[in-house]
Every structure is written in C-alpha cells, then in structure tokens.
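Every read-out reported here was derived from the displayed coordinates using simple, explicitly stated rules and does not represent laboratory data. Because the structure is a prediction, the values reported are computed rather than measured. Note that we place each Cβ from the backbone using ideal geometry, even for glycine, and neighbour counts take in every protein chain shown.
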Amino acid sequence: MKPQAYLLMALLAAGVACGGPYSSGTACTAEYIPGVVATVTRSDTGKPVSGATLTLTEGQFTEQMSEPPGLPGYYNGAFERPGRYTLVVGAAGFSGKRIDPIVVLHDG
C-alpha cells in the first residue's frame, strides 16, 4: 500500500491581473498574488513532499503549480486568475489525489 500525501490548502482571494486576456480593468494589485497555495505532506510523518506535481485546470486553461526555491512541499498557482479549478496532485511513490472544485475569488 502506497503512503498518502496530504494536501493542506489555503485559498486566497486573488486580485485581477493588470492587463492581458484576463484583465477586467477594475482592479490591480501591487504584488503578484497566488490564488491557490498548497502544502503537500506525508501522511505517516507529516514531512513535506518536495517534487510533487500539482496541476490546476479550468476549461482549456492548465497550469503546473510551482514550488518556490527553499520551500519544499509548498506550491503556488493561479496567480491573479480567479476561477473554478480542478487540482490533481501526484508524487512518485504516493497515491494521487484530485480535488474540485477549488474556487478562487478576486478582490476587485
């Protein structure tokens, strides 16, 4: 039986991007803010799982969430892009997980 990686998530209200195809023209943020922040940990030890693959999808949009340098097991995605997402998590040697919906709001 494969160990499980637990996904702990904090959903943030993301600002609407300034410019580009997803801009509403009504709000801009001074910082580039992730709409989804996730932590992947081992179910047996609680230690972070580095190198996991976290994929967010919404319709035709797909994004691989990033793991910032020096922060193992922490992942960011959906930067300033509100929407209703499906998240698929996988890591070598662990059972996969699908979570939906994940709703990212905007602050504008």
Residue separation between ARG42 and ALA92 times 0.36 nm, minus their alpha-carbon distance, gives in nm 16.8 nm
Of the residues PRO101, GLN60, PRO48, the Cα lying farthest along the dipole of region 25-108 towards its positive end, which is defined by charges on the beta carbon of Lys, Arg, Asp and Glu, belongs to PRO48
Obtain the nm distance between the two label points defined at TYR32 and GLN60 by a simple spin-label model: each point lies 7 Å from its Cα along the Cα-to-C-beta direction. 2.4
